[in-house]
Amino acid sequence: MRSSRPLALLALGALACAPTPSVPDRALSGWHAIDAEGFRLIGNAPAAELRRLADELAVFQRVLRELARMPDEGAPPLWVAVIADADLQRRFGLAGAVAGWTIAKPEGCYAAVERAPSHVATRITLFHEVTHALLHRNQRAPLPPWYDEGMSSYFSTLSLREGAVVAGGAPTGMRELLAARGPMPLAQLLAANLWGLPPGETSRFYATSWAFVHQQLASPRGRDELKRFVAELEHGTVWQEAVGPAFGRPSDALARELAEHAAILARPVAAEAAIAPGDLAGPAPSAPVALSPAEAAYELGVLALALASLDPEDESGGDDASLARALLEAAYRGSPANARAEAALAEARARGGDDTEALAWAQRATATPTDDERVALHAGAVALLAAQSALASGRDPAPALATARLAHQRARSLDPASPLAWLGLGRTEHLAGRSDAALQALERARGLGWSASLDLELGTIYLERGRRADALALLWPIAQDPHGGPTSEKARERLEGAGLVPPATADAAAPGS
């Protein structure tokens, strides 16, 4: 719900900083929103096209949940943007070979997809990215590339034909590649770091990942084996070593099965399965609701804020914070009495480095009654950034911490199941040196949503408290993340600093090996 209760307004001039590129008015026109069970879809494609995508996505989500053995409920929501404007596509990183992306955060997953010239092409990208999002939303450890990409390739081609859901179709070019080169050896596939593959092997990796997942999803036994594999990862098993316990047979037998199945897939024969949609009944998505330019700017600004806040130890989101500021300035200009837009703009300014003036607004916001959880969450994020800045510069962080605590407590009271409220409260208490309260809040947040950065924070506090086994259980899977990245590197550094990683193991499992 958008808050209409007026707050003490903070003039944009008080948050002035370096000019940011504005967003053209045309880019914020023609947007609609559709809400459904488990997701919110916004887009500036025609309303009828967006509704068709939403209907397909609702069925798709239920098929994926059934075949991938995902839980039925309790997962944080999914937020998806289908972007048609070329300038916005570019500014959100949708350019060249990148037609879509996904990020996972404790409060839920975000995905952005470019609107392609054809509906089918848009749907394929949408399903591919949403598969990534739902896989990450429903697990508690990083996923190896073969699983993540294989599942996403498999489900990207799902379609509705003649009243049936058809799954298992071959993505473009993969059948031909298997016929020409054969599958990648299973041992290489299961240990592969996608970013470290030799030139020319990436396409073969994708094709073999698809073939392996296709083989597993073809039978109830295979589906259960994939579910056990993810469970092994969540229990801390190194991703290369989780295959044996999950699949329950020698690797050479598994390799033979893959080779036989890949040979079948390489032939020009049907490899699809039809599922009766009546078995997957669920509530229909809402009708498309037109968004004003200010509402569209807010929705997109929140997406940019999610990108800007990926690394909790990085106080500035760079280009993403700049884009968030441009969008949220447009949202505020279009609706200056909207407390939610004002609060989000303050957060964008703070993430761009202007936390002092933004904190003044956050303090006003927390002193003004509102029933909008997002207002409190934005204010809490501003105050946390101000506290981090104060600590870094030797200033007293107490006023900012008090504001952050009050804001996140208010958000928690409005929604006790908000992972972001509990996460913000945990971060606040940790900065304040209250590790017991921080642990309680972060553990509660982890029960409601997950991200690698959350496990990094929680594992770090466990190390500070001497709970080495608990720290190892959380930090080790992140350190093994085959995608690498700053969060994985920090987890490894903390484990090595605590002497919890044997040198031989550390060398063997390092990203890129």
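The values are calculated or read from the model by the stated rules, or taken from the named source; none is laboratory data. Small disclaimer: the values here were computed from a predicted structure and weren't measured. Please note: Cβ atoms are built from the backbone with ideal geometry, for glycine as well, and neighbour counts cover all protein chains shown.
What to note about this one:
- Among the residues of segment 278-332, those identified as at pLDDT 90 or above and exposed (fewer than 15 other Cβ atoms within 10 Å of the Cβ) are 286, 287, 289, 290, 292.
- Residue match in segment 182-197 (condition: farther than 29 Å from residue 488 by Cβ and surrounded by fewer than 17 Cβ atoms within 10 Å (Cβ to Cβ)): yes
- Selection count, segment 373-408, where residues are among the charged types (D, E, K, R) and surrounded by fewer than 20 Cβ atoms within 10 Å (Cβ to Cβ): 2
- In segment 79-93, the count of residues that are part of a helix (DSSP H, G or I), surrounded by fewer than 20 Cβ atoms within 10 Å (Cβ to Cβ), polar (S, T, N, Q) and modelled with pLDDT of 85 or more is one or more.
- Test for residue 439: is it under 23 Å from residue 359 (Cα atoms), in contact with an Asp or Glu (Cβ under 9 Å, 6 or more places away or on another chain), in contact (Cβ under 8 Å) with a residue 24 or more places away in the chain and crowded, with 16+ Cβ neighbours inside 10 Å: no
- Top-ranked residue of segment 38-69 - restricted to ones that are part of a loop (DSSP other than H, G, I, E, B) and farther than 21 Å from residue 302 by Cβ, ranked as farthest from the chain's Cα centre (by Cα): 46
- Criterion (touching a Lys or Arg at 6+ places or on another chain (Cβ under 7 Å), modelled with pLDDT under 90, of a type in the set (Ser, Thr, Tyr) and closer than 24 Å to residue 232 by Cα) met by exactly one of 451, 513, 488: 451
- The criterion of at least 3 residues that are hydroxyl-bearing (Ser, Thr, Tyr) is met, among helices (runs of 4 or more DSSP H) falling completely within segment 430-481, by 452-464.
- Residue in segment 125-141 that is in a loop (DSSP other than H, G, I, E, B), basic (Lys, Arg), touching a residue at least 40 places away in the same chain (Cβ under 8 Å) and not assigned by TED's automatic domain parsing to the domain that holds residue 423 present: yes
- Residue list for segment 433-452, filter: touching a strand residue (DSSP E or B) at 6+ places or on another chain (Cβ under 8 Å) and not hydrophobic (A, V, I, L, M, F, W, C): 449, 451
- Search result, residues across segment 181-227 that are of a type in the set (Ser, Thr, Tyr) and closer than 16 Å to residue 273 by Cα: 219
- In segment 224-258, the qualifying residues are those that are of a type in the set (Lys, Arg) and under 26 Å from residue 476 (Cα atoms), and the one that is farthest from the chain's Cα centre (by Cα) is 249.
- Only a single criterion out of (1) within 21 Å of residue 226 (Cα to Cα); (2) assigned by TED's automatic domain parsing to the domain that holds residue 216; (3) of a type in the set (Gly, Ala, Ser) is not satisfied by residue 173, namely (1).
- Segment 187-224: number of residues that are over 21 Å from residue 263 (Cβ atoms) and without any contact (Cβ under 8 Å) to a residue 40 or more places away in the chain: 6
- Residue match in segment 226-233 (condition: at pLDDT 75 or above and either among the hydroxyl-bearing types (Ser, Thr, Tyr) or under 16 Å from residue 189 (Cβ atoms) (or both)): yes
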